[in-house]
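Peer 1: Before I ask anything, here is the structure I am working with.
Taken together, the values in this text are just the output of simple stated rules run on the coordinates, not laboratory data. Remember, it's a predicted structure, so these values are computed and weren't measured experimentally. Methodologically, a virtual Cβ is constructed for each residue, glycine included, from the backbone with ideal geometry; neighbour enumeration extends over all protein chains shown.
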Amino acid sequence: MIFKRRDPRSWGGWAKDLVAPRKGWRRGFRYIGRRVQRLPDTPHRIALGFACGAMASFTPFFTLHAFVAALLAYMARGNVIAGVFGTVVGNPLTGVPIAAVSLQTGNWLLGRTGGVNTFDPTDVNALWTQVTETPLVFLESVFTPYLIGGILPGLVCATAFYVILRPLIAGFQDRRRDVLAARAQELVRLRAAKPDRIEHRVAQRLKNAERIFETQLGRLRARRATAHEGGSE
């Protein structure tokens, strides 16, 4: 197949690229930033959509953050595509800190300052055991405090992204609009000067054709003169 990988990637390689991409996180974040800035929408809607994506990253709906972000952006009348891009806030580098802050905030709001209801987000084995063996305990001790506790830090993070991104996107769109206007003016100028270029080219072709005609005519006259001299002899 044309688009098939030459060397199939293993599950270990896939997991490694997910945590530490070969081309680095910086390039990925820069690409997402450019895509967000070039979305055909107002700065308010784009920034609001991205903020909804950041808010969705603080929810316990893992693997469904894109759908949650799209739903929040649609309800808030923001840009849905920017909302999907905003879920990049919840990545493997920030997942553990987000979970820790959300769980601690949720336990504090629910009055769980210690005991069996607290949970360490870095203890993956205990989390998997609760999900598979005691789902009700998982819902009570992890999912519910995570869902409630993620609202406050999620709102703070979403507000920060909105305040930062809106002027940046507005400035980028203004600069891009100026560049496009300059290109349009240059195109109009070139189109206005095109008839002069066409006339110049036509004149050059006419001169070349006239020169060729005179050359051919001179050769024909020379041949006739040569033939006349030979006949008279």
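Peer 1: Any idea how far apart D174 and Q204 come out in nm if each label point goes 7 Å out from Cα toward Cβ?
Peer 2: Rounded to a tenth, the inter-label distance reads 4.5 nm.
Peer 1: Then there is this: Rounded to the nearest 0.05, what FRET efficiency do R30 and V96 have when you use their Cβ-Cβ distance and R0 = 25 Å? Please list the in-between numbers first.
Peer 2: Values: r = 24 Å, r/R0 = 0.95.
Once the sixth-power term is evaluated, E becomes 0.60.
Peer 1: Can I ask one more? Read phi for every residue in segment 215-224 and hand back ³J(HN,Hα) as whole Hz from Karplus 6.51 cos²θ - 1.76 cosθ + 1.60, θ = phi - 60°, with x for Gly and Pro.
Peer 2: For segment 215-224, the Karplus curve yields 5, 5, 5, x, 5, 5, 5, 5, 5, 5 Hz.
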